[in-house]
Amino acid sequence: EKGGYEHFMLKEIHEQPKAIRDTLAGRVKDGLVDLSQDLSFTEAELKRFDKIHFVACGTAYHAGLIGKSVVEKLTGIPVEVDVASEYRYRDPIITPSTLVVVVSQSGETADTLAALREAQQTGAKVVGITNVVGSSVAREADEVLMTWAGPEIAVASTKAYTTQLIAIYLLGLYLARILGTCSETELSDATQALVQLPEQVEKLLQDPVAIQRVAGEIAQHEDLFFIGRGLDHAVVMEGSLKLKEISYIHSDAYAAGELKHGTLALIEEGIPVIALATQKAVYEKMVSNIIEVKARGAYVLGLGLEGDTELGKSVDEVITIPDTRPLFTPILSVVPLQLLAYYTSTARGLNVDKPRNLAKSVTVE
Ligand code: M6R
């Protein structure tokens with residue numbers, strides 16, 4: 001049942017190229033994204049939305065954080081992102097022209113479902129991004145955008161997250177196409193880059209040796225930091241959650257520029273720091289943040305883009321991801337972080353697929 005893999009999590013990490021391909025299938029036509037088979041909104045309805053809320057929990061919330069950047073960049077529509085357990089209690093401003101997107105792998109998460117119902121009661125339209133056909137989210141949302149990751153057994157979510165990102169990219173590109181907020185060339189270039197992602201993920205999965213080495217090092221620590229800027233910040237939040245969940249090592253994910261506002265005080269000799277530097281627009285700033293922690297003795301794993309010859313000079317280990325558009329890097333950069341969590345957990349001899357205190361589907365509020 002584990003297809004020759006030692007754990008479901010490793011199997012599911014390796015299933016990502018297929019899961020991504022399946023989620024893209026039938027949704028790209030003539031080189032452009034077409035979701036008209038999935039969403040029954042008319043053009044006029046789509047044009048009426050003046051803000052979007054992403055609401056979700058855990059890993060799905062981290063996908064929503066990426067969704068904010070993606071949708072805002074591609075469409076110019078303001079986006080807010082909330083964890084579902086906070087959303088209802090902060091009295092969010094929801095109007096009939098608000099589009100609420102709930103993201104839930106299982107489609108059964110109690111807080112996410114409650115947010116969906118409340119949004120509908122205030123007259124908003126809800127799109128559900130879910131992986132389970134016939135789940136509560138699939139049944140109750142006004143519109144459903146399925147992820148086709150296949151069953152995810154390991155408690156730690158991997159292929160569900162990357163396919164949620166694909167669903168979000170598809171949604172962003174489709175909205176941009178209908179609203180006319182991107183040129184046709186921009187849309188077709190982006191779509192071309194999107195369909196290359198499965199192959200790029202495959203490439204990333206080929207050689208885990210450097211990641212295993214870093215995992216062996218961090219398995220001996222009880223505290224570490226993840227840092228990144230822009231989209232990399234959202235990705236390190238996911239990397240940090242994954243590591244906590246299955247290796248029981250405490251970590252914080254920081255926007256790298258925030259470190260010097262307090263947390264830098266915790267950086268001392270030998271503390272591991274995982275630093276993502278895939279965002280070209282903030283690359284120089286990120287490198288100076290890396291130098292700040294390095295100067296205080298941190299052991300740094302840098303994760304950058306293929307062809308980056310600079311990063312290696314300021315870190316202890318470098319891992320690279322294939323080059324893609326800045327908006328799409330999260331799908332690639334999260335993979336080494338998933339593997340890092342996996343190998344750290346196994347190095348510690350822990351129960352990877354069923355970590356303590358956690359359930360796959362959280363049906364209590
Ligand atoms: O089924 P959902 O996507 O609604 O689940 C949300 C979270 O419970 C889930 O992503 C959780 O954070 C994962 N165990 C993280 O790996």
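Scanning the stretch 18-36 for residues that are free of Cβ contacts under 8 Å to residues at least 60 places away in the same chain and on the phi < 0 side of the Ramachandran plot, we see that the one that is least open to solvent (accessible area, probe 1.4 Å) is SER36. Filtered by the rule that a residue be touching a residue at least 60 places away in the same chain (Cβ under 8 Å) and more than 11 Å from the ligand (Cβ to nearest atom), the stretch 85-114 gives VAL101, ALA114.
Just need a number here: residues in the stretch 249-279 that are open to solvent by 60 Å² or more (accessible area, probe 1.4 Å) and either under 24 Å from THR59 (Cβ atoms) or touching a Cys at 6+ places or on another chain (Cβ under 8 Å) (or both). Summing the residues that are open to solvent by 60 Å² or more (accessible area, probe 1.4 Å) and either under 24 Å from THR59 (Cβ atoms) or touching a Cys at 6+ places or on another chain (Cβ under 8 Å) (or both) in the stretch 249-279 gives 3. In a residue-by-residue description of the stretch 27-45, the property of being under 28 Å from GLN200 (Cβ atoms) and within 16 Å of the ligand (Cβ to nearest atom) applies to no position. Restricting attention to the stretch 148-193, the residues being touching a residue at least 60 places away in the same chain (Cβ under 8 Å), within 16 Å of the ligand (Cβ to nearest atom) and more than 16 Å from PRO326 (Cβ to Cβ) number 18.
Considering each residue of the stretch 290-322, count those that are touching a Ser or Thr at 6+ places or on another chain (Cβ under 7 Å) and surrounded by fewer than 18 Cβ atoms within 10 Å (Cβ to Cβ), and give that number. Looking only at that region, the number is 2. In the set (1) within 16 Å of the ligand (Cβ to nearest atom); (2) without any contact (Cβ under 8 Å) to a residue 24 or more places away in the chain, ASP82 fails one condition alone, (2). VAL364 fulfils the conditions (1) at pLDDT 95 or above; (2) more than 20 Å from the chain's Cα centre (by Cα); (3) part of a loop (DSSP other than H, G, I, E, B) except for a single criterion, (1).
Here is a yes/no grid of residues against (1) free of Cβ contacts under 8 Å to residues at least 12 places away in the same chain; (2) surrounded by fewer than 22 Cβ atoms within 10 Å (Cβ to Cβ); (3) out of contact with any helix residue (DSSP H, G or I) (no Cβ under 8 Å at 6 or more places or on another chain); (4) among the basic types (Lys, Arg):
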site: GLN206; (1), (2), (3), (4): yes, yes, yes, no
site: VAL209; (1), (2), (3), (4): yes, yes, yes, no
site: ASP223; (1), (2), (3), (4): no, yes, no, no
site: PHE226; (1), (2), (3), (4): no, no, no, no
site: VAL236; (1), (2), (3), (4): no, no, no, no
site: GLY239; (1), (2), (3), (4): no, no, no, no
site: LYS244; (1), (2), (3), (4): yes, yes, yes, yes
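Against the condition under 16 Å from ILE290 (Cβ atoms), of a type outside the set (S, T, N, Q) and more than 20 Å from the chain's Cα centre (by Cα), how does GLY257 come out, does it pass? Criteria met by GLY257. Inside the stretch 37-57, residues that are in contact with a helix residue (DSSP H, G or I) (Cβ under 9 Å, 6 or more places away or on another chain) and either open to solvent by 60 Å² or more (accessible area, probe 1.4 Å) or in a helix (DSSP H, G or I) (or both) make up a count of 3.
The values are calculated or read from the model by the stated rules, or taken from the named source; none is laboratory data. Since we're looking at a predicted model, the values are computed, not measured. Quick reminder, even Gly has a Cβ in these numbers, built from the backbone with ideal geometry, and neighbours come from all protein chains shown. Areas reflect the complete protein model, heavy atoms only, side chains present, ligands, DNA and RNA absent. Shrake-Rupley method; radii C 1.70, N 1.55, O 1.52, S 1.80 Å.
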